[in-house]
Amino acid sequence: MKNGILAITGLLGSTLATAQVSQHVTAQVEVVDILTGQRTVVLADVAPYGEHLEAPNWSRSGRSLLVNKAGKLYKLPFDKPKLRRLNTGFANACNNDHGYSFDGNTLIISHNDERVGTGANSRIFKLPATGGKPILVTENWPSYWHGISPDGQTLVYCAGRNDQWDVYAISIQGGFEKRLTDSPGLDDGPEYSPDGRHIYFNSHRTGRMQIWRMNADGSAQTQLTSDSYDNWFAHPSPDGKWLAYISYLDDQKGQHPFGKDVKLRLMNIETGEVKDLTEVFFGGQGSFNVPSWSPDSKQVAFVSYKIQ
């Protein structure tokens, strides 16, 4: 969660600020088939606002999802869809920026680390995918993980430095961080292509959030979408053929809040052709933040919401 996005605005024009103290959220973890558009609800979970399920990752084995809820991480097996908490040691304030390495052995998390103060205090850690003690990767904060190189050696993430939000890269062992973007406005959501040659990201540099691509070293930054939507979090499929992302119907002024009309869209990477993957649903922040493709590139996972 970044830069003011905890503020929520609302359903059918109504303010949902009271949801923070009095309302509950039904989070439906869903998967959608990219060819048929068929949606299947894996789990529906009811929780107070701020403690609801977010951001599913698909395991490399294909047998489960990983989600966050109230600062904790949970596995969600498909065969027995019940939340099973993952051991993340002291990291009990995990936000919705997490995911697996390409080989499935390492889990990367973004933990709101109170040891460095309050507010925007997210730092990136690594740990075994089966759970264990987190190891710090990024000394600086705020840092929000989004992607890892196919060889497992480099992380890319969104970071706020000197009141500017850009894309950075760092060795998985930590150390020096390399700034890859340097443009006015937010650059966010970086994720490697399966061949490691490119990084997809979203940028507000043109005054509207759109999907971009650059070389892995940060060069040749190229805009891929240019439409009336606010487009966020482009996730390339494992086979390298597709790009799935979430679109807000209205201009969000560089933010990605919860509680908005959104839909998932699908781009053919070779042709650039875009189609709707879902109908419009109630979501936004927490729906589609992280890599969420099935290993066979046939489905993606996401979360839709209802306010009670």
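Could you tell me how many of the residues in region 31-56 are free of Cβ contacts under 8 Å to residues at least 12 places away in the same chain and assigned to a strand (DSSP E or B)?
1
Touching a residue at least 60 places away in the same chain (Cβ under 8 Å), over 30 Å from residue 33 (Cα atoms) and either under 14 Å from the mean Cα position of the chain (by Cα) or outside any strand (DSSP E or B) (or both): does that describe residue 185?
yes
Can you tell me which condition residue 90 does not meet? The list is (1) among the hydrophobic types (A, V, I, L, M, F, W, C); (2) under 17 Å from residue 190 (Cα atoms); (3) surrounded by fewer than 14 Cβ atoms within 10 Å (Cβ to Cβ), and all the others hold.
Of everything listed in (1) among the hydrophobic types (A, V, I, L, M, F, W, C); (2) under 17 Å from residue 190 (Cα atoms); (3) surrounded by fewer than 14 Cβ atoms within 10 Å (Cβ to Cβ), residue 90 misses just condition (2).
For region 98-118, which positions are of a type outside the set (Asp, Glu), under 13 Å from residue 134 (Cα atoms) and out of contact with any Ser or Thr (no Cβ under 6 Å at 6 or more places or on another chain)?
98, 106, 107, 108, 109, 111
For region 110-123, check the following and say yes or no: at least one residue is without any contact (Cβ under 8 Å) to a residue 12 or more places away in the chain, surrounded by fewer than 23 Cβ atoms within 10 Å (Cβ to Cβ) and hydroxyl-bearing (Ser, Thr, Tyr).
Yes: region 110-123 contains one or more residues that are without any contact (Cβ under 8 Å) to a residue 12 or more places away in the chain, surrounded by fewer than 23 Cβ atoms within 10 Å (Cβ to Cβ) and hydroxyl-bearing (Ser, Thr, Tyr).
Among the listed residues 192, 200, 157, identify the single one that is touching a Lys or Arg at 6+ places or on another chain (Cβ under 9 Å) and within 27 Å of residue 120 (Cβ to Cβ). Spell out the reasoning first.
Values: 192 fails: touching a Lys or Arg at 6+ places or on another chain (Cβ under 9 Å); 157 fails: touching a Lys or Arg at 6+ places or on another chain (Cβ under 9 Å).
The match here is 200.
Return only the number of the condition from (1) in a strand (DSSP E or B); (2) without any contact (Cβ under 8 Å) to a residue 40 or more places away in the chain; (3) under 26 Å from residue 51 (Cα atoms) that residue 275 does not satisfy.
(3)
Within region 48-63, how many residues are closer than 11 Å to residue 305 by Cβ and more than 18 Å from the chain's Cα centre (by Cα)?
Number satisfying all stated conditions: 1.
Looking only at residues that are part of a strand (DSSP E or B) and within 15 Å of the chain's Cα centre (by Cα) in region 280-308, which one is nearest to residue 187 (Cα to Cα)?
Here is the first cut: in region 280-308, the ones part of a strand (DSSP E or B) are 281-284, 293, 299-307.
Remaining after also requiring within 15 Å of the chain's Cα centre (by Cα): 283-284, 293, 300-304.
Numbers: 283: 21, 284: 17, 293: 22, 300: 23, 301: 24, 302: 22, 303: 23, 304: 25 Å.
The residue in question is 284.
Looking only at region 57-72, decide whether some residue is assigned to a strand (DSSP E or B), modelled with pLDDT of 95 or more and under 30 Å from residue 162 (Cβ atoms).
yes
Taking region 81-114, which residues are among the charged types (D, E, K, R) and either assigned to a strand (DSSP E or B) or at pLDDT below 95 (or both)?
84, 85
What is the one condition in (1) within 29 Å of residue 51 (Cα to Cα); (2) in a strand (DSSP E or B); (3) in contact with a Gly (Cβ under 8 Å, 6 or more places away or on another chain) that residue 138 does not satisfy?
Checking residue 138 against (1) within 29 Å of residue 51 (Cα to Cα); (2) in a strand (DSSP E or B); (3) in contact with a Gly (Cβ under 8 Å, 6 or more places away or on another chain), the one that fails is (2).
Residue-by-condition table, conditions (1) in contact with a Phe, Trp or Tyr (Cβ under 9 Å, 6 or more places away or on another chain); (2) among the acidic types (Asp, Glu); (3) in a loop (DSSP other than H, G, I, E, B):
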{"position": "201", "(1), (2), (3)": "yes, no, no"}
{"position": "205", "(1), (2), (3)": "yes, no, yes"}
{"position": "208", "(1), (2), (3)": "yes, no, yes"}
{"position": "214", "(1), (2), (3)": "yes, no, no"}
{"position": "218", "(1), (2), (3)": "no, no, yes"}
{"position": "231", "(1), (2), (3)": "yes, no, no"}
{"position": "240", "(1), (2), (3)": "no, no, yes"}
{"position": "246", "(1), (2), (3)": "yes, no, no"}
{"position": "253", "(1), (2), (3)": "no, no, yes"}
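The values are calculated or read from the model by the stated rules, or taken from the named source; none is laboratory data. Keep in mind it's a predicted model, so treat the numbers as computed, not measured. In this analysis, Cβ positions are derived from the backbone assuming ideal geometry, glycine residues included, and neighbour counts consider all displayed protein chains.
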